[in-house]
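Peer 1: So that we are looking at the same thing, I have put the structure below in structure tokens.
The values are calculated or read from the model by the stated rules, or taken from the named source; none is laboratory data. Just so it is clear, the structure is predicted and the values come from calculations on it, not from any experiment. Cβ sites come from the backbone with ideal geometry, for glycine too, and all protein chains shown count toward neighbours. Calculation scope for accessible area: heavy atoms of the full protein, side chains included, ligands and nucleic acids excluded. Shrake-Rupley method; radii C 1.70, N 1.55, O 1.52, S 1.80 Å.
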Number of protein chains: 2
Amino acid sequence: MMDMEKKYGDGNYREFSIHDAPNFLGSEDLDSFLTMAEKQKIILHEIEAVRATEEDPHIPGYENIKLYPGKSIIKKYQSRNILTTVFPIHDDEYLKKLGAEWYQMKHAFKQQPIDRIQYYFGDKIALYFAFLGFYTIALLPPAMIGIIYFVTSWESMYREAIFSVFNLIWATLFLEAWKRYNAELSFRWGTTDIVSSKFEEPRANFYGTIGRNVVTGKPEPVYPKWKRVARFYGVTVPVVAFWLVVAFYVMLGYFYLQALADKKYENDKSWFNMGVLYLPTAIYAIIIGVVNTIYRSVAKKLNDWENHRLQSSYDNHFIIKLILFDFVNCFISLFYVAFYLQDMTLLRSHLAALLITQQVIGQIKEAMVPFIFMRRRKRQVDELLKKTSTVEKVEYYNNEVDDGLQKQVNLETTMDDYEGTLDDYLEMFLQFGYVFLFSSAFPLAAVWALLNNVTEIRSDAFKMCKVFRRPFAETASNIGAWQLAFELISVMAVITNCALIGMNPEVKKLLPTDITPVNTVLIFVLVEHIILAVKFAVAYFIPDTPKWVQVELARVAFKSKQALHKERLDASTAKRLKVQQMMSKDMAKQTSF
Amino acid sequence: MMDMEKKYGDGNYREFSIHDAPNFLGSEDLDSFLTMAEKQKIILHEIEAVRATEEDPHIPGYENIKLYPGKSIIKKYQSRNILTTVFPIHDDEYLKKLGAEWYQMKHAFKQQPIDRIQYYFGDKIALYFAFLGFYTIALLPPAMIGIIYFVTSWESMYREAIFSVFNLIWATLFLEAWKRYNAELSFRWGTTDIVSSKFEEPRANFYGTIGRNVVTGKPEPVYPKWKRVARFYGVTVPVVAFWLVVAFYVMLGYFYLQALADKKYENDKSWFNMGVLYLPTAIYAIIIGVVNTIYRSVAKKLNDWENHRLQSSYDNHFIIKLILFDFVNCFISLFYVAFYLQDMTLLRSHLAALLITQQVIGQIKEAMVPFIFMRRRKRQVDELLKKTSTVEKVEYYNNEVDDGLQKQVNLETTMDDYEGTLDDYLEMFLQFGYVFLFSSAFPLAAVWALLNNVTEIRSDAFKMCKVFRRPFAETASNIGAWQLAFELISVMAVITNCALIGMNPEVKKLLPTDITPVNTVLIFVLVEHIILAVKFAVAYFIPDTPKWVQVELARVAFKSKQALHKERLDASTAKRLKVQQMMSKDMAKQTSF
């Protein structure tokens, strides 16, 4: 009942059932039949399925920690810190093989071993790395053009326009191609038919009065929808809007301070004032960091408080909250420079500064720091284990546990928890925005993004294998809300790029001289509408699933249909034969009498 | 194997199989178990499934009419006129009951008996009538506002803007609500899961070298895709483009002639010149009619020649061809008046003329003429049957046929063939365009459309029951390409209405006086983008399937999952018990020895 699909004898993917195991392909050797991710998932499911009943008023030994029927006990233990953490430990042997193919420098230009990643980490994380790899390759052509533009001195009125139009088409094609590749992957992993929300169990932290699930009839917490809607529109929306306004005013403040600093420097070009020139940027960076941290914790609390029933809807609401804020936070200043100040030189330098700073900080924060911490931690654990007290403690838990395993558990307990793919996607989302929204202003953006991502893949891979605790594997057939988020950016990119080109005085010279300004604007609006129409048409007409996957799926469905037909035919023939036999026996009896 | 889903014992819709019949709900009485439409479908399927083999070089008795293996024989007979026609005859008894509820005047304001229509005519036609009814009801609010505007003399700069914005929102909500109602209907009819294209057999007229179907492995004609693509882009696209240009020039010619006539009338207001004033419109109407007829036959030939494998793709390509041309043919002059001439008064009168003329002509063509013809035909057939020669002819076919049936067959042979829902949808599509694209120019359009549709439902119903031969029922789970076509109009309506309002000098007065013309345009472009964004968001966030249908579907899926689980569990328990029994017997034997 866990929505785990495996290849059946007829080539079809069917939900695996232990009672029907022999009919599944490769089930002779159950150890290799299930992926590591699947084994993990089963164990976690079992642990989390231990729920309180009416007879469990509180956690044994902790009378003040009440339990409600239907609530997962393990989560209660965790939330009250009776149990600090539950996690699977790494499989060092497999990880060594995986790491060798994945993040070692000699493989830097090879494809990632996506299937092995899926085997170990599960679909969700494998999909993130597949997306990251696919996107990085897709950055190559824009980066190439960016470099060509940079090294050649070709000056033309068409320069920006050509690059923009290419980028817009490219972004659309990339997102469509990704959907097809995604369909291929989920076909290979047997997750095509997974519609997780149908019977998805409520999140462990979901609370409400005990009622019954309308679909399954099982008892589970029920929380009225109107309350969630009221909370969302009554509190969340105003609070989020407030923070968006804060981010906007911080940005305005920055530009105001910068203008003051510029003026001061202009009047008196001393060394001191040179420093003053950079002061607003520094203050801005700090305030942005602070605001971002506060907003994150507010968003998290709001999201918890909204009490979403399903993990997927919880995740999506959190993603939307973060995307909205980060979008405003990172891009509002660019919009301001581009369309209010209309200063192309400032736009280019501001864009470059934002993109490069964020990437450098990101690389340090994500790869270097955890690496250094990890080294130190390992040393500390080694020292700790040498002391007798720890070894005694080990024996207290289990006499048979071996020293190596104990060491590993202790080490991994001190490792950081992997927070999920959210931050990684968010980083790519913002980068995608920097590269495509204002591509005509800064063609080199794709080059910087490409450079970042080539190392990002390896450092993320290293992090997954060496820095973080092993995460629990999660099922996913696609990248969820992120697909939509990237598509929204690609639509917005059409509007921004058309506006940027329309504002370019060079391009305006191409038009007949007797054209009125109003008609110039109308021409660009028309061009924008045409590009948008073409974009939607392209996205509509490119099938989301590759032809061969469609054929395979249809073939498999046809086979199972035929099998069903045959089964029914056999059953009815058998029944008829039986009746005939009985009748002929009867006849024989009657004759013999 | 016909993709016919019926309700199974567990409440789930499953493909019906005669071998498993007893497990389907209501199958005790097979006569009422299948709808009339389904029975018909089975018979047609059997007739069309008679295909030529290698041993049938030609039609028996007609050596010059060759047969190719895999080709449907009945279609060959029909295409060579050996068999004039194949059609199901009407069931007068059912039809009388259906008609009483459907098109009689006393029921004019009642809901149509959609389920009975589906029972008799099948899903596709029932969906058309459901859509027509739903759309007609949706016209009520805009029509009410139109009337209020007409009778009150409220003059305000907001007048048109309010109506337009209401209409835009209303059109979006209507299309979303229709999708939900559609989902409800197809849930009720068990067509939710029908994905017809998966195993859909090729069209009877599809030709190619004999190969194998990649999915089913059955022999069938194979036609290389590149040839179809080459034909489509190489010939179809240029030819269609040519006709679009022709329609455009005919329109220009009309306005040129009209200007000439206006001038002549202005100079000399004689009775003769009064006639000249209407001459261009008359000529235009005639030429448009001629061009339309030629284009239709060209489009049909091109569509045949493209050699589409599936009926659905054949239909969709034909729909697109007709929509494109009719769109240009009917709307280009309105766009010309609205945005090139920018003459709002002319736009209003032109729109009113087009809409009302088309509706009156449509009503006459669709309802009156066939009705008169039908009466005459009935008389002729009666007279014909009185003659002995005909009666002899009857006995030649079948001695047992009764006179009434023979009379019915003869009568229905002379009836017109129902050409499918295409023209009916096309009419609604154009009407939808007239009402919503320029709603701010002519608020009364909705009133005219509503009046037309109230009679249209009844006259279409009458036509279906009394004028046309009974059509073969077709399976459909939605209205196919038409949904997209209506949605495209509703998107276009945002653009046209924003432009119309933006051009309104009254509305411009609302803006600050010191605003530049360029900024005025930009403001309207911004408003347009916001409305479009809201529209897409609304369409995205309203679920296409009503909650209760989702729950029902999930419940049914859950039940069948549980049943499968139980089945497997039982099977494995039985096996284990058997093994245990055998083992204990063995033990007993060994003990007894």
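Peer 1: Could you tell me the accessible area of A:Lys7 in Å² (1.4 Å probe, neighbours in place), rounded to the nearest ten?
Peer 2: 90 Å²
Peer 1: Now a separate question. Sorted by accessible area (1.4 Å probe), largest first, how do B:Lys110, A:Lys535, A:Lys179 line up?
Peer 2: B:Lys110, A:Lys179, A:Lys535
Peer 1: Here is a further query. Estimate for me the total accessible surface buried between chains A and B (protein heavy atoms, probe 1.4 Å, no ligands or nucleic acids), in Å² to the nearest 100.
Peer 2: Heavy-atom accessible area buried at this interface is about 3500 Å².
Peer 1: Could you rank the peptides A:60-66, B:88-94 by their average count of other C-beta atoms within 10 Å per residue, with the highest value first?
Peer 2: The packing order, highest mean first, is B:88-94, A:60-66.
Peer 1: Evaluate peptide A:560-572: per residue, the Cβ atoms of other protein chains within 10 Å of its Cβ; return the mean as an integer.
Peer 2: Across the residues of A:560-572, the mean count of other-chain Cβ atoms within 10 Å is 3.
Peer 1: Further, regarding this structure: For A:Lys41, A:Lys509, write out the residues from largest to smallest accessible area, computed with a 1.4 angstrom probe and no ligands counted.
Peer 2: So, going from the largest accessible area down, we get A:Lys509, A:Lys41.
Peer 1: Along Cα→Cβ, 7 Å out, is where each label goes; now give me the distance between the ones at B:Leu510 and B:Leu83 in nm to one decimal.
Peer 2: 6.4 nm
Peer 1: Over chain A, what is the relative contact order in percent, taking alpha-carbon pairs closer than 8 angstrom and at least six residues apart?
Peer 2: RCO, chain A: 24 percent.
Peer 1: Let me ask something additional. Given Cα pairs under 8 Å that are at least 6 residues apart, what percent is the relative contact order of region B:291-377?
Peer 2: Once divided by the residue count of region B:291-377, the mean separation gives 15 percent.
Peer 1: Could you give the dipole magnitude of region A:211-367 about its Cα centre, charging the beta-carbon of Lys and Arg +1 and that of Asp and Glu -1, in debye to the nearest 20?
Peer 2: 760 debye
Peer 1: Could you state the number of Å between the C-alpha centres of region B:257-327 and region A:428-445?
Peer 2: Their Cα centres are 48 Å away from one another.
Peer 1: Ranking request for peptides B:437-446, A:546-555: highest mean number of other beta-carbon atoms within 10 Å first, then the rest in descending order.
Peer 2: The peptides rank, most packed first, as B:437-446, A:546-555.
Peer 1: Does region A:404-443 come out rounded, prolate or oblate by the C-alpha gyration tensor, with a ≥ b ≥ c the root eigenvalues, rounded set by a/c under 1.5 and, if not, prolate when a/b is larger than b/c and oblate if not?
Peer 2: Prolate is the answer for region A:404-443, as a/c is 1.5 or above and a/b outweighs b/c.
Peer 1: Still on this model: Once you average over the residues of A:264-276, how many Cβ atoms of partner chains fall within 10 Å of each Cβ?
Peer 2: The per-residue average across the peptide is 0.
Peer 1: Next question. With the label 7 angstrom out along Cα to Cβ, how close does A:Leu451 come to the same site in each of the other copies, in nm, nearest first?
Peer 2: From this label point to the equivalent ones elsewhere in the assembly: 7.2 nm.
Peer 1: Can you give me the long-range amide H partners of A:Asp416? Hydrogens built in the peptide plane at 1.01 Å from N, cutoff under 5 Å, separation of 5 or more residues or another chain.
Peer 2: Sorted by chain and number, the residues that satisfy this are A:Arg469.
Peer 1: Taking amide H atoms as placed 1.01 Å from N in the peptide plane, list the residues 5 or more away in sequence, or in a different chain, whose amide H sits under 5 Å from that of A:His58.
Peer 2: Here A:Leu67 satisfy the definition.
Peer 1: Here is a further query. Would you mind listing the distances between the A:Asp304 label point and the same position in each other copy? Use 7 Å along Cα-to-C-beta, nm, one decimal, shortest first.
Peer 2: In nanometres, ordered from closest: 7.1.
Peer 1: Another question, then. Carbon-plus-sulfur fraction of the accessible area of region A:1-119, 1.4 Å probe, in percent?
Peer 2: 52 percent
Peer 1: If a paramagnetic tag sat 7 Å from the Cα of B:Asn519 along the Cα-Cβ line, which residues of region A:335-356 would have the backbone N under 13 Å from that point?
Peer 2: Counting backbone N atoms under 13 Å from the label point, the list is A:340.
Peer 1: Go ahead and run the numbers for FRET between A:Ile542 and A:Leu279, Cβ-Cβ distance against an R0 of 45 Å, rounding to 0.05.
Peer 2: FRET efficiency, A:Ile542 to A:Leu279: 0.35.
Peer 1: Given a Förster radius of 30 Å and the C-beta distance between B:Val454 and B:Asn316 as r, what FRET efficiency does 1/(1 + (r/R0)^6) yield to the nearest 0.05?
Peer 2: Step by step, r from the Cβ atoms, then E = 0.50.
Peer 1: Sticking with this structure for a sec: Defining the label point at 7 Å along Cα→Cβ, can you sort the distances from A:Ile523 to the same site in each other copy, shortest first, in nm?
Peer 2: Ordered by increasing distance: 2.5 nm.
Peer 1: Classify region B:80-140: rounded, prolate or oblate, from the alpha-carbon gyration tensor (a ≥ b ≥ c, eigenvalue square roots; a/c under 1.5 rounded; otherwise prolate if a/b is larger than b/c)?
Peer 2: Since a/c reaches 1.5 and a/b is larger than b/c, the shape of region B:80-140 is classed as prolate.
Peer 1: Could you tell me how many cubic angstrom of Cα convex hull volume chain B has per residue?
Peer 2: Hull volume over Cα atoms, normalised by residue count, gives 271 Å³.
Peer 1: Sticking with this one: About the Cα centre of chain A, what is the dipole size in debye to 20, counting +1 per Lys and Arg Cβ and -1 per Asp and Glu Cβ, all else neutral?
Peer 2: Computed about the Cα centre, the dipole is about 780 debye.
Peer 1: Sort B:414-424, A:117-127, A:567-577 for me by packing, meaning the mean count of neighbouring Cβ atoms within 10 Å per residue, highest on top.
Peer 2: A:117-127, B:414-424, A:567-577
Peer 1: Of the cross-linked pairs B:Lys96/B:Lys301; A:Lys7/B:Lys561; B:Lys71/B:Lys466; A:Lys124/B:Lys561; A:Lys179/A:Lys365, which ones have a Cα-Cα span greater than 29 Å in the structure shown?
Peer 2: Pairs exceeding 29 Å: B:Lys96/B:Lys301; B:Lys71/B:Lys466; A:Lys179/A:Lys365.
Peer 1: Evaluate the distance, in nm, between pseudo-label points positioned 7 Å from the Cα of A:Ile43 and of B:Met368 along their respective Cα→Cβ axes.
Peer 2: Distance between label points: 8.3 nm.
Peer 1: How far apart, in nanometres, would the label points at B:Gln408 and B:Asp92 be if each is projected 7 angstrom from Cα along the Cα-to-Cβ direction?
Peer 2: Rounded to a tenth, the inter-label distance reads 0.7 nm.
Peer 1: Provide the per-residue ³J(HN,Hα) series for region B:219-235, in order, calculated from phi with Karplus coefficients 6.51, -1.76, 1.60 and θ = phi - 60°, each as a whole number of Hz, with x at glycine and proline positions.
Peer 2: Result, ordered by residue: x, 7, x, 10, 10, x, 5, 4, 5, 5, 4, 4, 4, 5, 7, x, 10 Hz.
Peer 1: When a/c is below 1.5 the answer is rounded, else prolate if a/b is larger than b/c, else oblate, so apply that to the protein assembly as shown with a ≥ b ≥ c taken from the square roots of the Cα gyration tensor eigenvalues.
Peer 2: Judged from the Cα gyration tensor, the protein assembly as shown comes out oblate (a/c at least 1.5, b/c at or above a/b).
Peer 1: B:Leu260 to A:Val291: FRET efficiency via 1/(1 + (r/R0)^6), r the Cβ-Cβ distance, R0 60 Å, to the nearest 0.05?
Peer 2: Computed FRET efficiency for B:Leu260 and A:Val291 comes out at 0.30.
Peer 1: Could you work out, residue by residue across A:15-27, how many beta carbons of other chains sit within 10 Å of that residue's beta carbon, and then give the average as an integer?
Peer 2: 3
Peer 1: Report, by chain and number, residues whose modeled amide H sits under 5 Å from the one on B:Leu83, excluding near sequence neighbours (fewer than 5 apart, same chain).
Peer 2: B:Gln78
Peer 1: While we're here: Filter the DSSP H helices in chain A by two things, a Kyte-Doolittle mean of at least -0.5 and an axial alpha-carbon span of 27 angstrom or more, and list the hits by number.
Peer 2: Flagged H segments are A:159-188, A:237-267, A:271-305, A:311-335, A:344-363, A:481-503, A:517-541.
Peer 1: Over the protein assembly as shown, give the accessible area per residue in Å² for a 1.4 Å probe, as an integer.
Peer 2: 55 Å²
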